[in-house]
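A quick write-up on the structure given underneath.
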Amino acid sequence: MEHKSIPVNGLQMHVAELGEGPVVLFIHGFPELWYSWRHQMKFVAAHGYRAVAPDMRGYGETTGAPLEDPSKFTVMHLAGDLIALLDAVAPNEDKVFVVGHDWGAYVAWHLAMFRPDRVRALVNLSVPFTPRNPEMSPVDSFRKLYGDDHYICRFQEPGDIEAEFEKVGTKEVLKIVLSFREPAPFYFPKGKGFIYSVDRAPWLTEQDLDYYVSKFEKTGFTGGVNYYRAFGLNWELNAPWFGAGVTVPSKFITGEYDLVYHIPGTKDFIHGGGFKKFVPLLEDVVVIKGAAHFVNQERPDEINEHLLAFIKQF
């Protein structure tokens, strides 16, 4: 694995790379890092591709993001970071393969919607494309559905959840979130700490957990939480794309127990034709039995095979 720091869109972006061949850009989610793609990177590199995985804005060893200003964490900034990164690492490739998970999937859908000329094909995990609701922002929707203790609502106030995380400790926070595998919503009741007490997920080795902890202890969680704080602003900025979809060849994979899959209305949207309406080149939807949200780390072999089978077509 080769590690670089690349000037990108006002940041110094840390990037991990492996292999040679057509670029596969991996975009991580919360609370993750380039490291979340370690299994997929080795696999695609062994099959003739060049894996590129950055620490996203506000994460890990990527520096320069103004953490005190959530408005600098919109999907416009995030997609812009990736366009600049591709210009730097693959100047001779007009289009690349893109793979996203969680927030990374949200960014990847928007990257493909904003710049389909740069995306050869797309594989997204956990978070399906969601068309813009002109009536209500996503944060208001989650508040209406789940109340103020829902994690997305709790993440809105600057400094609030960071203070709670500090009381719990970085390692415990990461262990709890990464090991969460309930199909139910994730709640952080204010002032009550964590209501979840779980063993470390079997796929998350102590070495893996220590890597995440070593990075988040240095950076804190504000960078990642700012993505949620910019959710409402994304909704405002996305108004010109109301009714638009994603027009690149796409595949979607989720875990049977993924909490996103169990948001009311999501299964109907994914399987009932709505998803295909907005992503007309959606070629496949896969639900991994017995898997939860962090499916690329929990079930790497299955994800690797699905990923390779899809991108080999292009």
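With both bridge residues required to lie in the chain, what share of the DSSP beta bridges run antiparallel, to the nearest 5%?
Once the DSSP bridges in the chain are tallied, antiparallel ones form about 35 percent.
Which whole-number percentage describes the relative contact order of the range 113-201, with Cα contacts under 8 Å and a sequence gap of 6 or more?
Answer for the range 113-201 is 25 percent.
Could you tell me, in Å, what Rg and Dmax come out for the Cα atoms of the range 159-215?
11.7, 32
Taking the full set of protein chains and a 1.4 angstrom probe, give the accessible area of I176 in square angstrom, rounded to the nearest 10.
Surface accessible to solvent at I176 totals approximately 10 Å².
Once you charge only the Cβ atoms, +1 for Lys and Arg and -1 for Asp and Glu, what is the size of the charge dipole of the range 43-113 about its Cα centre, to the nearest 20 debye?
Charge dipole, the range 43-113, about its Cα centre: 180 debye, nearest 20.
Quick check: from the Cα gyration tensor, does the range 260-314 come out rounded (a/c under 1.5), prolate or oblate?
Because a/c hits 1.5 or more and a/b fails to exceed b/c, the range 260-314 counts as oblate.
How much net charge surrounds A291 when only other residues with a Cβ under 12 Å from its Cβ are counted (Lys, Arg +1; Asp, Glu -1)?
The answer is -2.
Starting from the Kirkwood radius over alpha-carbon pairs of the range 212-272, derive D by Stokes-Einstein at 10 °C in a medium of 1.306 mPa s and give it in µm² s⁻¹.
It diffuses with D of about 104 µm²/s by this estimate.
Using 0.36 nm times the number of residues separating L233 and E157, minus their current alpha carbon distance, what extension gain do you get?
Residue separation times 0.36 nm, minus the Cα-Cα distance, leaves 25.9 nm.
Rank by packing, highest mean first: peptides 198-206, 274-282, 72-80, with packing defined as the count of other Cβ atoms within 10 Å averaged across residues.
72-80, 274-282, 198-206
Grab the Cα-Cα distance for Q12 and D268, subtract it from 0.36 nm times how many residues apart they are, and report the gain in nm with one decimal.
So the chain would gain 88.1 nm between Q12 and D268.
Over what distance in Å are the Cα centres of the range 214-251 and the range 1-71 separated?
Using only Cα atoms to place each centre, the spacing works out to 16 Å.
Give me the distance in nm between label points sitting 7 Å out from Cα along the Cα-to-Cβ direction at K277 and E217, one decimal.
It works out to 5.0 nm between the two label points.
How many nm separate the modelled label positions at K289 and D140, each set 7 Å beyond the Cα in the direction of the Cβ?
Output for this residue pair reads 4.3 nm.
How much length is gained on full extension from I83 to D210, taking 0.36 nm per residue of separation minus their Cα-Cα distance?
42.6 nm
Evaluate Rg over Rh across the range 13-136, taking Cα atoms for both radii and Kirkwood's formula for Rh.
Rg/Rh: 0.96.
Starting from the Cα gyration tensor of the range 187-314, take the square roots of the eigenvalues, sort them a ≥ b ≥ c, and report rounded, prolate or oblate (rounded when a/c is under 1.5, otherwise prolate if a/b is larger than b/c, else oblate).
Oblate shape, in that a/c is at least 1.5 and b/c is the bigger or equal ratio.
The values are calculated or read from the model by the stated rules, or taken from the named source; none is laboratory data. These figures come from a predicted structure and were not determined experimentally. Here Cβ is always computed from backbone atoms with ideal geometry, including for glycine, and neighbour counts include all displayed protein chains. Side chains are part of the model used for accessible areas, which takes the heavy atoms of the whole protein and leaves out ligands, DNA and RNA. Shrake-Rupley method; radii C 1.70, N 1.55, O 1.52, S 1.80 Å.
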